[in-house]
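Please read the structure below before turning to the comments.
The values are calculated or read from the model by the stated rules, or taken from the named source; none is laboratory data. Owing to the predicted nature of the structure, the values given are computational and were not obtained by experimental measurement. Note: ideal-geometry Cβ built from the backbone for every residue, glycine included; neighbour counts use all protein chains shown. Note: areas computed on protein heavy atoms with side chains; ligands, DNA, RNA excluded. Shrake-Rupley method; radii C 1.70, N 1.55, O 1.52, S 1.80 Å.
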Amino acid sequence: ALQQPTSYARALAVMDARYLFDPRVMRRGGWKKALRYAPIARWKDWGNFEINQGRQFQNILFNTDSAMERARNASMKLAGTMDSVTWGRIWNACELEVADTRPRLTRGSEAFYEAVAQRFTDVVDQTQVVDNVLGRSQFMRSSDNLAKMASSYMGEPTQSYNLLYRSY
């Protein structure tokens, strides 16, 4: 939960600050639209918030989490809420950007939201932490248990490093 300001700051690397700091990004509803139009948001919402901590797909589909898994999910509730707030604001910023850069699209239309979803997904892929194979460093992919322990909760710092590295 405390790492969310860094995820917003990372988004600045690929988006113009005027969109991210526009007061309209504070509007509610961005996260719901992201869930509807951007599959990456649904993936994050299912509990894939941190490397080695995501929910099993079977548990998502059939709601078969064990008591221990439910307790862990409850303990991560604040982090998930902060993710939703941050990603909702990033969605809103993407809406502002698409409205500004693609004026031929009618705001609120399916085509508009598809363009926003495409931009949102691009921003997320470049700057946000989502548990997936492509988002892991080689060290995080190691099957060694010591490496897994050492790299748990290192998604945010790794993403920040990669962003800095690509910028350089």
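Would you say K32 is modelled with pLDDT of 90 or more, within 22 Å of V129 (Cβ to Cβ) and surrounded by fewer than 16 Cβ atoms within 10 Å (Cβ to Cβ)? It would help to see each step written out before you state the result.
Numbers: modelled with pLDDT of 90 or more: yes; within 22 Å of V129 (Cβ to Cβ): yes; surrounded by fewer than 16 Cβ atoms within 10 Å (Cβ to Cβ): yes.
For K32, the condition - modelled with pLDDT of 90 or more, within 22 Å of V129 (Cβ to Cβ) and surrounded by fewer than 16 Cβ atoms within 10 Å (Cβ to Cβ) - is met.
Could you please let me know if Q118 is within 20 Å of the chain's Cα centre (by Cα), within 15 Å of K33 (Cβ to Cβ) and at pLDDT 70 or above? Spelling it out, Q118 is indeed within 20 Å of the chain's Cα centre (by Cα), within 15 Å of K33 (Cβ to Cβ) and at pLDDT 70 or above. For first residues located in region 24-38 and under 10 Å from E95 (Cβ atoms), partners that are among the acidic types (D, E) and lie 6+ apart or on another chain with Cβ distances below 8 Å form the pairs G30/E95; K33/E95.
With the condition kept exactly as written, say whether any residue in region 50-59 is of a type in the set (F, W, Y) and at pLDDT 70 or above.
We begin by selecting, within region 50-59, every residue of a type in the set (F, W, Y); these are 57.
Now narrow it down to the ones that are at pLDDT 70 or above: none.
No, because not a single residue in region 50-59 is of a type in the set (F, W, Y) and at pLDDT 70 or above.
For region 117-129, enumerate the residues that are out of contact with any Leu (no Cβ under 9 Å at 6 or more places or on another chain) and either charged (D, E, K, R) or part of a helix (DSSP H, G or I) (or both). Even if it seems obvious, please write down each step before you answer.
So in region 117-129, the residues out of contact with any Leu (no Cβ under 9 Å at 6 or more places or on another chain) come out as 117-124, 128-129.
The answer is A117, Q118, R119, F120, T121, D122, V123, V124.
The residues of region 84-133 that are open to solvent by less than 10 Å² (accessible area, probe 1.4 Å) and among the acidic types (D, E) amount to a single one, E95. Among the candidates V14, V85, the residue that is touching an Asp or Glu at 6+ places or on another chain (Cβ under 9 Å) and modelled with pLDDT of 70 or more is uniquely V14.
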